[in-house]
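Read the figures in this text as sums done on the coordinates, not as results from a lab. Remember, predicted model here, so these are calculated numbers, not experimental data. Here the Cβ positions follow ideal geometry from the backbone for every residue, glycine too, while neighbour counts run over all protein chains shown.
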Amino acid sequence: MEDDPELCVLRLGHRPGRDERMSTHVGLTARALGADRVVFAGSAEGPRETVADITDRFGGPFETEVSESYRPLLEDWAGPVVHLTMYGLPIQDVEDDIRTAHRNEPLLVVVGAEKVPFDVYEAADYNVAVTNQPHSEVASLAVFLDRLHGGRELDREWHGADRHVVPKERGKRVEGTER
């Protein structure tokens, strides 16, 4: 992960006022499960700020961006593009190919919200389904990233945090850290 080529998540179709929480959760999931950055396409300053704040408090590295259009990133991406869609090929049939491709090249993972434009399906090197049943794009991203990293993301080290969660069997504990 730290030595892997870049892994970027592109959140498409953010609808202000309707997708704030879901877009925020796409960004938080990307951060927690091994991506290097998230790009929100559209007016998504709220989710960007929330994910950036979590990164400041709980550590990074992780970058957040907002872009007016998804097309420049999609068209100029220097490596494979994976589009997560229930209409794609089953993840278990393509995960090895994607993992192999990502060993040497940056990977862009596209996560939609509203109806995804057809040019995204055409631009993707892999249209991937985490089940061909309707479900959450956040769940799809989490399963995809875990399969891509083979669980390594769960042991990731975080830097620059001013607090961390202390694992406990019961209860909650968050402690400050020395920066």
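General observations
- Computing P(r) over Cα pairs in 10 Å bins from 0, in percent for the structure here picks out one of [x] 9, 38, 36, 14, 2; [y] 9, 37, 31, 16, 6, 1, 0; [z] 6, 8, 9, 8, 7, 6, 6, 6, 5, 5, 5, 4, 4, 4, 4, 3, 3, 4, 2, 0, namely [x].
- Extension gain, Leu154 back to Glu6 (0.36 nm per residue minus Cα-Cα distance, nm): 51.5 nm
- FRET efficiency for Thr100 and Ala161, using Cβ-Cβ distance with R0 set to 41 Å, rounded to 0.05: 0.80
- For Leu7, distant residues with modelled amide H under 5 Å away: Asp36, Arg37, Leu107
- Residues whose amide H falls under 5 Å from that of Trp158, counting only those 5 or more places apart or on a different chain, are absent, with hydrogens built in the peptide plane.
- Packing-based ranking, highest mean first, of 63-69, 33-39 given that Cβ atoms within 10 Å are counted: 33-39, 63-69
- Amide H partners (placed H, <5 Å) of Phe40, local residues excluded: Arg11, Glu65, Val66, Ser67
- Phi-based couplings in Hz for segment 154-168 (Karplus 6.51, -1.76, 1.60; Gly and Pro marked x): 6, 9, 4, 9, 10, 10, x, 7, 9, 7, 8, 7, 9, x, 9
- Label positions at Tyr87 and Arg21, each projected 7 Å from the Cα along the C-beta direction, are separated by 2.8 nm.
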